[in-house]
Each structure stands twice: as C-alpha cells, then as structure tokens.
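A quick write-up on the structure given underneath.
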Amino acid sequence: MTASMNQLAVASRSSHVGRVVRVAGPALVAAVPVVTWWLVGDLSTVSLADDPDYAFRPMTLSPMTERAVGIASLALAVGAVAVLAWATRRRALDRRWWTVLGLLAAAGCIVGLGWRVLTAGVIGANIGAGLFILVGGPVVAALVLFALARSVFLLVRANRRHPLAGS
C-alpha cells in the first residue's frame, strides 16, 4: 500500500468510529429514561379494581411488552456505554464529553422516575406528582442546561485548537 492509501484507510476508519460515537451518545441518552422507568416499576398504591386516580394515565402495556421494552433499552444503554468507552480508549471520543453524557443520563434517570410517579394510580390527589413537577422539573432543566453549556464550551475550545478540522 502506498502512503496515500494508508492515509485513506485511517481516515475511513476514523470517520466510521466518529459515526458510531455520534449514534451511541444519543442512544444512551434515549435509553436511560426507559431503563429507569422499567427498573422502578409501577408505583401505584391501589389496585385497578379500586378505580385509582391518575395525574396522567399510564400507557397500557402488557407485562411481557413492558419487560421486552425494558430489556431492549437496558441492552441498548449497556451497548452504548461499551461503544463510548471503547471510543474513549481509542481516543476517538474526548473523555471530557463524559461530563455531558453523565449530566444527560442523570436527567434521564429523573425523567424515568418522574414518568412512574406521574402515572401512579392513587386514591385522591397524587402528591408525589406535584412534588416531582415542582422539584424534578427544575432539576432536569438545570442538568440539561449545564450539559448544553458544557457542550458549547467543549466545541468552542476544540474549534480554537483545530480551526480547520471541520473544513
């Protein structure tokens, strides 16, 4: 192989790794709330026979469907973490991006828990739903804003170091 063919092969592998990382990050962020929702389980305090009240009615899913969605999301999250760790080890993903992923994963955990709290069947008012909206909503917003700020910081810093990298 000539030197230019080697460079082309390296560039091709590098772009492939970049595409995989660009898919694995959002996959992790999307899977975490579903995994949390599945692991927390139903938080209803009364049975369906007692005609519970809901802040929001939950989706009607069979236990088998719920389990399949939970297991698939867990596999997706674990696979995404493995791919991202591999990319970090190969230095295809800057380790500082893990702070962004961690903030978004934490927000996803709170959203998954909130999903269960908001859809819990209770008798009377769902106090937990109100508390979640008052406390959980601002916490999720803060985590997402911090992740956005960190992302902008990392992108600006990377562009200062390599101004022609995106061209």
For Asp53, distant residues with modelled amide H under 5 Å away: Val122, Ile123, Gly124
Calculated P(r) over Cα pairs in 10 Å bins from 0, in percent (choose from [x] 12, 43, 29, 11, 4, 1; [y] 11, 44, 37, 7, 1; [z] 9, 28, 28, 18, 10, 5, 2, 0), label: [z]
Rough spin-label spacing in nm, given labels placed 7 Å along Cα→Cβ, for Arg19 and Trp98: 2.7 nm
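A short reminder: the numbers here are calculations on the coordinates, not readings from a lab. Computed from a prediction, not measured in an experiment: that's the story for all the values here. Heads up, the Cβs are rebuilt from the backbone with ideal geometry, glycines too, and the neighbour counts pull from every protein chain shown.
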